[in-house]
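Comments concern the structure below.
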Amino acid sequence: MVFDPCSLLKASLEGDDSGTSILSIDKSSKKFEVIVKNQIFKSLEVGFDLDSFLSQKIDSSDFSTELIYKTNGTILETSFGKFQFPEGEKNKDYTKFCIKDITTRQRQEEEIAWRLRFELGVASSIQILIQQHSIREGLPQALYQLLYFTEMDSIFFLKYEPNEVEDRFKIWVNERKTTKYPLIPKECQSENWYDIGLGRWIHRLKNGKTIHLTQSKAMPREKWFFDQTKAETLLLIPVRFEEKFLGVMGFLKYKLNSPIQHENLLIYQTVSRWMGLFVQRDSDLAELNRYKSALESLILERTLDLTKTKEELERAYQVKTEFLTHMSHELRTPLNSIIGFSKLIKLSDSDETGKEYLNYIYTGGIRLLNMINEILNLMKIESGQIKIQITTFKPEDICRQTLDLVQPQAKAKGMDIRFRPPVHSKSITSDSGKIQQILLNTLSNAIKYANHPYIEFDCEWVGDFLEISVRDYGPGISEEDQKRIFHTFTRLNDDGNVEGTGLGLSISQGLAIRLGGMLELSSQLGQGSNFKLKLPEIIK
Ligand code: ADP
C-alpha cells in the first residue's frame with residue numbers, strides 16, 4: 001500500500017484547534033504554494049487577501065507573528081513555524097503557517113487593561129481626596145483624575161445645600177474631557193428641581209437611588225437637560241454619609257448606544273460612598289473650626305473681662321488700703337489725746353462715779369488704739385509697705401526680752417512660762433522687732449486662752465532654721481478652726497470675756513512670711529496648741 005504524504009499531513013492538521021497550513025516556497029523565485037490546510041484555516045482565511053499578505057511577508061523574509069484586524073471585527077493572529085517535509089524537492093523551503101482567531105482573548109485583555117486603568121483612576125482620585133486638607137480644593141482635581149480614566153466624558157458634583165423651604169444644590173465641580181462638551185445647566189443650581197421638571201430625579205436621589213438614563217428614555221419634562229448638555233447618557237449617584245444626603249455625583253456620556261456596564265456602575269457607586277465620607281469629614285471639620293474660633297473669641301473675651309475685673313479689684317483694694325491706712329493714722333491723733341488727757345484728769349477721791357467713767361474712757365481708748373494700730377499694721381503688711389530692719393542678734397535674747405514684757409500678764413493669771421533657749425547658741429540675721437511682735441502675740445494668746453499652770457516657750461535651731469514654739473495646754477483648736485484661724489477678724493468662741501481683735505494671728509503670719517519664714521499651728525481640741533515660728537538664719 002502506497003501512502004500519500006499529503007493526505008496523511010492533511011489528516012494530522014485537522015486535529016489542531018487553530019487554522020494550520022503548510023506552504024512550499026521556491027527558494028529562488030520566492031513563489032509560494034499552500035500545499036495543505038485544515039478546515040479551520042479555510043474558514044478563517046475568508047474575508048481578507050491572504051495571497052498578497054503572504055507574498056509580502058515572504059518577499060521581505062519577515063516571518064514574525066502579526067495581527068490582522070478583519071473588517072467584521074475579528075482579530076487574527078498569524079505565525080510561521082519550521083517544518084521539514086520528508087518528500088520535499090531540493091530547491092524548496094517548507095513552512096507551517098497558522099492563523100488563530102484571538103478576538104475573544106484580545107477583547108478580554110483590553111477589558112482587563114481598561115479595568116486596571118479605571119481602578120487606578122479611582123484609587124488616585126481617592127488618594128487626592130485623602131491628601132487634601134479641604135474637599136473644596138481637592139475635589140476638582142480628584143474628579144478630573146477619575147474622569148480621565150473612565151469611559152465618561154463629563155463629571156460633576158452638586159453639593160446639597162437646602163434652604164428653609166426648598167431643596168437646593170451648589171455646583172462644586174464640573175469637569176469635562178474636552179471643552180467642546182457643554183457645562184451642566186445653571187438651573188441645576190439656581191432653581192428648585194421640582195420647578196424645572198427634575199422632581200423625579202431629586203426624589204429618587206434623596207431616597208438613595210441611582211439614576212441611569214439615556215436621552216431617549218427620559219421623560220418629556222426632563223428632555224431639556226439632555227438638549228442643553230447634548231449628552232446621550234446620564235448617570236446620577238447620590239452622595240451620602242450614613243443616612244444623610246450630602247449631594248449628587250453626576251456623569252455624562254456622549255457616545256451613542258454605549259450603556260454603562262453594571263460592574264462599572266458598582267465602582268462609580270463605591271467612589272460616591274468615599275465622596276460621602278470626605279464631604280462629611282469636610283463639613284465636620286468646618287463645624288469644628290467654627291466652634292473652635294467661637295470658643296477662642298469667647299475665651300479672649302472672658303480673659304479680657306477677667307483682666308479688667310482683676311485690675312479693678314486691685315485698684316479698689318489699693319484705694320481701700322490707702323483709705324484705711326490714712327484713716328487709721330488720722331484716728332490715732334485724737335485718740336492719743338483722749339487717752340492722754342483722761343490719764344491727766346485728777347478727780348477727788350469721793351467722785352467714784354466720775355473715776356469709773358474716766359476709766360471707761362481710758363480703757364476704751366486704749367482698746368480702740370490697739371485695734372487701730374493692728375489694722376494699720378495689717379494694711380502695711382498687705383500693701384507691702386512694711387519696712388524691715390535687719391540686724392544680727394541672738395534669738396534667745398529677743399525671747400527673753402519678750403518674756404519680760406508678758407511676764408506681768410502671766411503672773412496676773414498665775415501662770416508660769418518655761419523658757420528653754422537653744423542648746424547651741426547661734427546668731428540670726430533678721431528683724432528683731434518683728435520677731436518680738438509675733439512672739440508677743442502668740443505668748444499673750446497662750447496666756448489669754450489657756451488655763452493651765454504653765455506655758456512652754458522653746459527656742460531651738462533645726463539646721464539653718466530657727467524654730468520658736470509657744471506651747472500651751474489650753475482648750476486647743478479644732479481642725480476646722482485651724483483652717484481659718486489665720487484669717488483676719490477670726491475669733492473663736494467669742495463670748496466677749498477675752499479681749500481681742502481677731503487680727504493678731506493674721507498680722508503674725510504676714511510678718512513671718514515677710515521674714516522668709518512661717519507661723520505653723522498644731523493643735524488638738526482639748527489638748528492645747530503649739531504655735532511654731534520658723535525662720536531662716538539669714539533673711540533673703
Ligand atoms: P485675738 O487674740 O485678738 O482675738 P488672734 O488673731 O491673735 O486674735 O487670734 C484669733 C483667735 O484664735 C482668737 O480669738 C482665739 O479664739 C483663737 N486663739 C488664738 N490663740 C489661741 C490659743 N493659744 N488657744 C486657743 N485659741 C486661740
query: Taking the range 382-401 on its own, how many of its residues are in a helix (DSSP H, G or I) and modelled with pLDDT of 85 or more?
result: 7
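Within the group 94, 69, which residue is of a type in the set (Phe, Trp, Tyr) and open to solvent by 50 Å² or more (accessible area, probe 1.4 Å)? Give the steps one after another, and end with the answer.
Numbers: 94 fails: open to solvent by 50 Å² or more (accessible area, probe 1.4 Å).
Criteria check complete, one pass: 69.
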field: Unmet criterion (only one of (1) part of a helix (DSSP H, G or I); (2) touching a Ser or Thr at 6+ places or on another chain (Cβ under 9 Å)) for residue 521
entry: (1)
- prompt: Taking only pairs six or more apart or across chains, which ones have beta-carbon atoms under 6 Å, a first residue in the range 145-171 that is touching a residue at least 60 places away in the same chain (Cβ under 8 Å) and farther than 13 Å from residue 246 by Cβ, and a second residue that is open to solvent by less than 50 Å² (accessible area, probe 1.4 Å) and part of a loop (DSSP other than H, G, I, E, B)?
  reply: 153/181; 153/254; 154/181; 156/184
- request: Could you check residue 530 against (1) assigned to a helix (DSSP H, G or I); (2) near the ligand (Cβ under 10 Å from one of its atoms) and say which number it fails?
  value: (1)
message: Looking at the structure I just gave you, is residue 113 open to solvent by 30 Å² or more (accessible area, probe 1.4 Å), within 30 Å of residue 280 (Cα to Cα) and of a type in the set (A, V, I, L, M)?
response: no
message: List pairs: first residue in the range 361-375 and in contact (Cβ under 8 Å) with a residue 24 or more places away in the chain, second residue assigned to a helix (DSSP H, G or I) and within 14 Å of the ligand (Cβ to nearest atom) anywhere in the structure, Cβ distance under 8 angstrom, at least six positions apart or on different chains.
response: 374/504; 374/507
query: Got at least one residue in the range 417-436 being among the polar types (S, T, N, Q) and either part of a helix (DSSP H, G or I) or within 16 Å of the ligand (Cβ to nearest atom) (or both)?
result: yes
message: I need the strands (runs of 3 or more DSSP E) fully contained in the range 1-92, keeping only those with at least 1 residues that are more than 22 Å from residue 107 (Cα to Cα) and in contact with a Lys or Arg (Cβ under 8 Å, 6 or more places away or on another chain).
response: 19-26, 32-37, 75-82
Candidate set: the range 252-284, residues that are out of contact with any Lys or Arg (no Cβ under 9 Å at 6 or more places or on another chain) and of a type in the set (Lys, Arg); chosen: the one farthest from residue 115 (Cα to Cα): 281
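Only one of 411, 387, 394 is open to solvent by 60 Å² or more (accessible area, probe 1.4 Å), within 22 Å of residue 505 (Cβ to Cβ) and either more than 12 Å from the ligand (Cβ to nearest atom) or not assigned by TED's automatic domain parsing to the domain that holds residue 530 (or both); which? So that I can check it myself, show each step before the final result.
Values: 411 fails: within 22 Å of residue 505 (Cβ to Cβ); 394 fails: within 22 Å of residue 505 (Cβ to Cβ).
Step by step, each of 411, 387, 394 is checked, and only 387 is open to solvent by 60 Å² or more (accessible area, probe 1.4 Å), within 22 Å of residue 505 (Cβ to Cβ) and either more than 12 Å from the ligand (Cβ to nearest atom) or not assigned by TED's automatic domain parsing to the domain that holds residue 530 (or both).
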Within the range 210-231, tally of residues that are open to solvent by 30 Å² or more (accessible area, probe 1.4 Å) and in contact with a strand residue (DSSP E or B) (Cβ under 7 Å, 6 or more places away or on another chain): 3
statement: By residue number, the members of the range 169-181 that are more than 21 Å from residue 137 (Cα to Cα) and touching a strand residue (DSSP E or B) at 6+ places or on another chain (Cβ under 8 Å) are 181
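Do we find that residue 33 is in the same structural domain as residue 78 (by TED's automatic domain parsing), open to solvent by 60 Å² or more (accessible area, probe 1.4 Å) and within 13 Å of residue 97 (Cβ to Cβ) in this structure?
Details: in the same structural domain as residue 78 (by TED's automatic domain parsing): yes; open to solvent by 60 Å² or more (accessible area, probe 1.4 Å): yes; within 13 Å of residue 97 (Cβ to Cβ): yes.
The answer is yes for residue 33.
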- prompt: Tell me, which residue of the range 505-525 that is within 14 Å of residue 446 (Cα to Cα) and open to solvent by 30 Å² or more (accessible area, probe 1.4 Å) is farthest from the ligand (Cβ to nearest atom)?
  reply: 522
field: Scope the range 437-477; condition open to solvent by 30 Å² or more (accessible area, probe 1.4 Å), in a loop (DSSP other than H, G, I, E, B) and more than 30 Å from residue 540 (Cβ to Cβ); matching residues
entry: 451, 452, 453, 473, 475
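Does at least one position in the range 188-195 carry a residue that is under 15 Å from residue 276 (Cα atoms) and not basic (Lys, Arg)?
First, pick out the residues of the range 188-195 that are under 15 Å from residue 276 (Cα atoms): none.
Among the residues of the range 188-195, not one is under 15 Å from residue 276 (Cα atoms) and not basic (Lys, Arg), which makes the answer no.
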task: Go through the range 478-504 residue by residue and tally those that are within 9 Å of the ligand (Cβ to nearest atom), in contact (Cβ under 8 Å) with a residue 24 or more places away in the chain and either among the acidic types (Asp, Glu) or open to solvent by 20 Å² or more (accessible area, probe 1.4 Å) (or both).
output: 6
- request: Please state which of the following conditions residue 195 fails to meet, knowing it meets all the rest: (1) farther than 17 Å from residue 159 by Cα; (2) of a type in the set (D, E, K, R); (3) part of a helix (DSSP H, G or I).
  value: (3)
Matching residues in the range 459-477 - criterion: being among the acidic types (Asp, Glu), at pLDDT 95 or above and away from the ligand (no atom under 15 Å from the Cβ): 460, 467
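The values are calculated or read from the model by the stated rules, or taken from the named source; none is laboratory data. On a predicted model such as this, the values are computed, not experimentally measured, just so you know. Glycine also receives a Cβ, built like all others from the backbone with ideal geometry; neighbour counts cover every protein chain displayed. Quick note on the areas: whole protein, heavy atoms, side chains included, nothing else; ligands and nucleic acids left out. Shrake-Rupley method; radii C 1.70, N 1.55, O 1.52, S 1.80 Å.
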